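What follows is a short report on a single structure.
The values are calculated or read from the model by the stated rules, or taken from the named source; none is laboratory data. Everything numeric in this text was worked out from a predicted model, so none of it was measured. Note that each Cβ is placed from the backbone with ideal geometry, even for glycine, and that neighbours are counted across all protein chains shown.
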Amino acid sequence: MAIKDYLRERFFPHLWCPGCGHGMVLNGLLRAIDKLGMSKNEIVMVSGIGCSSRITGYVDFHTLHTIHGRALAFATGVKMARPELNLIVPMGDGDALAIGGNHFIHAARRNIDITAIVMNNRIYGMTGGQFSPLSGENIRATTAPYLTIDPSFDVVELAKAAGATFVARTTTYHIQQVSDIIGKAILHEGFSVVEVLSQCPTYFGRKNKEGDAVDMVQHFKKNTTSIGSKAKQENPDLIERGIFVQTELPEYCSEYEKMVQRAMKGQ
Amino acid sequence: MSENVKFVQGNEACAEAALYAGLDFYAGYPITPSSEITEYLAYHLPQIGGKFLQMEDEIASLCAIIGASLTGRKVMTATSGPGFSLMQEALGYAIMAEIPCVIVDVQRGGPSTGLPTHGSQADVNQARWGTHGDHAIIALTASNHQDVFSITVEAFNLAETYRTPVILLLDELVAHMRERLVIPEPGKIPLVDRLKTSVKEGVDYHPYLPREDGRLPMSDFGGVHRFNVTGLFHDMWGFPSSEPSIVHGLLRHLVDKLENRAHQLACYKEYYTEDAEQLLLSYGSSARSALHTVENRRKRGERLGLLELQTLWPFPEDIVREKCAGMKSVIVVEQNMGQVLQAVKLAVDEPAKVFLANRIDGVFITPADILNILRLIQGKGV
Amino acid sequence: MAKPKLKKHHINRDWCKGCGICVELCPKKVLELDDQDKVSALRLQDCICCRLCEFRCPDFAIEIETKE
């Protein structure tokens, strides 16, 4: 299928700013789905609120655009009700880990078969450039005129600790890796987390003198490296990319079915 | 076949009724005094292949059942005041996206943590106005276990008929009291299943285009029609729109589909109203004491009647106006500071004749409490 | 498998927002922004059909058609 067959073309050009990384994540995501040969009817995409969450409006799947931070809770309901459907939940960094942090760790703990994609641009874009729990320290934002003092979450470490059975990170520069990893995450049976470092040239880039969209994307090339690379040993500040966790553990919907069997036998 | 008689708590009556109505997906979070509903369904739902989820909080519970409802399941969650407060945003979402679901609020004393193990009826206005923005809502209540059963089934029927959340306002006293319950034979209470679209695959389907009767045929998520669901104002396909005519049209539809049917949606019971000169108006557990008072005073020849409301929202204005007309006085009996009282005063022709008999101290209002007020109003002193 | 040969760059000018990501990250510098800040393919002979422009475009505005 052509990539455009997955799009609701009448809503294009989309609302994202020129050079926004979210369009690149969508591009990579659709190529992954295309490669897997999935039918549009078997995919449910659920999102919350924010720039990233407008993604559901643009794709021709069953789409559920919900409330801020709660996408994973809605997705849990859909998945439990119809376990044969594939649930993909793209979220922004604030959506996933500030207001939605509780649902994030509990979805990971249950190991329910949902693919969570954290489109991490380290800023609240929709509301005009406030810092997020992934901005990190010394960042300029509209709510941090004197630079942030808030440390950031490490999405990978958080997801690992919470029990996600597939955890990966990549960037919009590494677009083929985006497709490759999201494809594997969708196939993975259990809760999968893919963090994609994404650029917000409008609010993060301008405020923090990171240049334009091109500079920001190239920044991801310079500041990241493959997991366990020699470069990482030489420069510990580099952010690692790749698949950190990929393990098979009991998946929630399957475990529920086993419980139903026990209940029906009266045990 | 012999009657299926049980001796149960109100919470269990509610859970039994939900199963009778076809509930097959429940998500909840423990909170007093509603936890028995969650526990009961944790036991019974898996036995019939239904889904039970204990979520991380009340917000997630409501969100999860909304998601499940979209796939075609009959869904419910239960909570109490603090949890109901947390649910308000998702409740607005279910109203906006027109997703059938039943939310039980077993009321306890508030605000805040308040009185977790004591009764109250102080969430009536929260049920009406808790979520932001203009909207309409259905809220039902009942005073005894047999009525809790039938009104719970009605809650599911209305949710599925009108594609809307329905709030079931129980209170701690009814929820925790044990009483006889006769479970009706299957089919004795008619059940409503949601209207499914007859639009074939490949033909343009409009999930948000109401029929002439205001109902909107649905298509299950995972089925042949792919569409968008959003809490933003949206067009007939479910896609976001801020076009003034679409915004206006949708808001009118959401409000009118319920408010214009207030008369049809009204469930109520009357006792001794035919020749009554004075009327008690009550609901939920308070109506038990009100009924006791009426029966006692009748024995003494006083022409006292009772109107027991089961539908609180949309407020059955016409019925209340009609039943209160010509009464020497109307006494609203409730366990809050006058939440239904205000609605009654707005509805009747002579609001100066409407009085309040209430308790707000966590103690169940007794017939003696009501009698005291009655005697004051009658000018007989306490 | 033979290397794919370029047939055409399909550019959707209505969707292109002129961010320049495809231009700057093209390994062979085939693309440029025109005076209206829309991408255009200039040095077609240099294109190696790696499709990185197509994959990276945030706006789905560029598509490479190839022939075997």
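Values for this structure:
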read-out: Number of the exception - A:Cys253 against (1) away from chain B (no Cβ under 14 Å); (2) out of contact with any Leu (no Cβ under 6 Å at 6 or more places or on another chain); (3) hydrophobic (A, V, I, L, M, F, W, C); value: (1)
read-out: Residue that is more than 13 Å from chain A (Cβ to nearest Cβ) and at pLDDT 95 or above, where the choices are C:Cys57, C:Cys19, C:Cys47; value: C:Cys47
read-out: Region A:1-21 residues that are more than 9 Å from chain C (Cβ to nearest Cβ), paired with ones that are in a loop (DSSP other than H, G, I, E, B) (beta carbon under 6 Å, 6 or more apart); value: A:Tyr6/A:Asp60; A:Arg8/A:Asp60
read-out: Looking only at region C:22-44, and only at residues there that are of a type in the set (D, E, K, R) and away from chain A (no Cβ under 12 Å), the one that is farthest from A:Val178 (Cα to Cα); value: C:Asp35
read-out: Unique residue being out of contact with any strand residue (DSSP E or B) (no Cβ under 9 Å at 6 or more places or on another chain) and either closer than 22 Å to A:Pro83 by Cβ or facing chain A (nearest Cβ under 10 Å) (or both) when the list is B:Ile65, B:Ile48, B:Ile99; value: B:Ile48
read-out: Options C:Cys19, C:Cys53: the member that is crowded, with 16+ Cβ neighbours inside 10 Å and either touching a Gly at 6+ places or on another chain (Cβ under 9 Å) or in a strand (DSSP E or B) (or both); value: C:Cys19
read-out: Total residues in region B:331-371, condition in a helix (DSSP H, G or I) and surrounded by 14 or more Cβ atoms within 10 Å (Cβ to Cβ); value: 14
read-out: Helices (runs of 4 or more DSSP H) completely within region A:135-242 that count 1 or more residues being within 14 Å of chain C (Cβ to nearest Cβ) and out of contact with any helix residue (DSSP H, G or I) (no Cβ under 8 Å at 6 or more places or on another chain); value: A:175-187, A:213-222
read-out: Single residue of A:Met80, A:Met91 found to be touching a residue at least 24 places away in the same chain (Cβ under 8 Å) and facing another protein chain (nearest Cβ under 9 Å); value: A:Met80
read-out: Where a residue in region B:88-103 is closer than 14 Å to B:Gly67 by Cβ and its partner, wherever it lies, is among the small types (Gly, Ala, Ser), with Cβ under 7 Å and at least six apart; value: B:Tyr93/B:Gly231; B:Ala97/B:Gly231; B:Ile99/B:Ser69; B:Pro100/B:Ser69; B:Pro100/B:Ala159; B:Cys101/B:Ser69; B:Cys101/B:Ala94; B:Cys101/B:Ala159
read-out: Selection status of A:Arg169, among the basic types (Lys, Arg) and over 15 Å from the mean Cα position of the chain (by Cα); value: no
read-out: Given (1) under 24 Å from B:Met236 (Cα atoms); (2) surrounded by 20 or more Cβ atoms within 10 Å (Cβ to Cβ), index of the condition B:Gln107 fails; value: (1)
read-out: Wholly within region B:223-289, strands (runs of 3 or more DSSP E) carrying at least 1 residues that are surrounded by 17 or more Cβ atoms within 10 Å (Cβ to Cβ) and more than 14 Å from chain A (Cβ to nearest Cβ); value: B:268-271, B:278-282
read-out: Residue match in region A:114-129 (condition: within 10 Å of chain B (Cβ to nearest Cβ) and crowded, with 24+ Cβ neighbours inside 10 Å); value: no
read-out: Residue within region B:150-173 that is in contact (Cβ under 8 Å) with a residue 12 or more places away in the chain and loosely packed, with under 15 Cβ neighbours inside 10 Å present; value: no
read-out: Per-region count, region B:290-330, residues touching a residue at least 24 places away in the same chain (Cβ under 8 Å) and part of a loop (DSSP other than H, G, I, E, B); value: 9
read-out: Residue tally, condition under 20 Å from A:Ser198 (Cα atoms), assigned to a strand (DSSP E or B) and not aromatic (Phe, Trp, Tyr), over region A:112-134; value: 8
read-out: Region A:47-77: number of residues that are of a type in the set (A, V, I, L, M, F, W, C) and at the interface with chain B (Cβ under 7 Å from one of its Cβ atoms); value: 6
read-out: Helices (runs of 4 or more DSSP H) contained in region B:5-102 and holding at least 1 residues surrounded by 22 or more Cβ atoms within 10 Å (Cβ to Cβ) and among the polar types (S, T, N, Q); value: B:10-21, B:35-44, B:58-70
read-out: Residue match in region B:206-218 (condition: in a loop (DSSP other than H, G, I, E, B), more than 26 Å from the chain's Cα centre (by Cα) and buried (at least 18 other Cβ atoms within 10 Å of the Cβ)); value: no
read-out: Count - residues of region B:68-82 that are farther than 25 Å from B:Ser219 by Cβ and either among the polar types (S, T, N, Q) or within 8 Å of chain A (Cβ to nearest Cβ) (or both); value: 2
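Conditions tested, residue by residue: (1) more than 27 Å from A:Asp34 (Cβ to Cβ); (2) in contact with a strand residue (DSSP E or B) (Cβ under 7 Å, 6 or more places away or on another chain).
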{"residue": "A:Val59", "(1), (2)": "no, yes"}
{"residue": "A:Gly77", "(1), (2)": "yes, yes"}
{"residue": "A:Asn86", "(1), (2)": "no, yes"}
{"residue": "A:Ala116", "(1), (2)": "no, yes"}
{"residue": "A:Phe131", "(1), (2)": "yes, yes"}
{"residue": "A:Arg140", "(1), (2)": "yes, no"}
{"residue": "A:Pro145", "(1), (2)": "yes, no"}
{"residue": "A:Val156", "(1), (2)": "no, yes"}
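The rows are residues; the columns are (1) closer than 16 Å to A:Asn120 by Cα; (2) among the aliphatic types (A, V, I, L, M); (3) touching a strand residue (DSSP E or B) at 6+ places or on another chain (Cβ under 9 Å).
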position: A:Lys207; (1), (2), (3): no, no, yes
position: A:Gly211; (1), (2), (3): no, no, no
position: A:Thr224; (1), (2), (3): yes, no, yes
position: A:Gly228; (1), (2), (3): no, no, yes
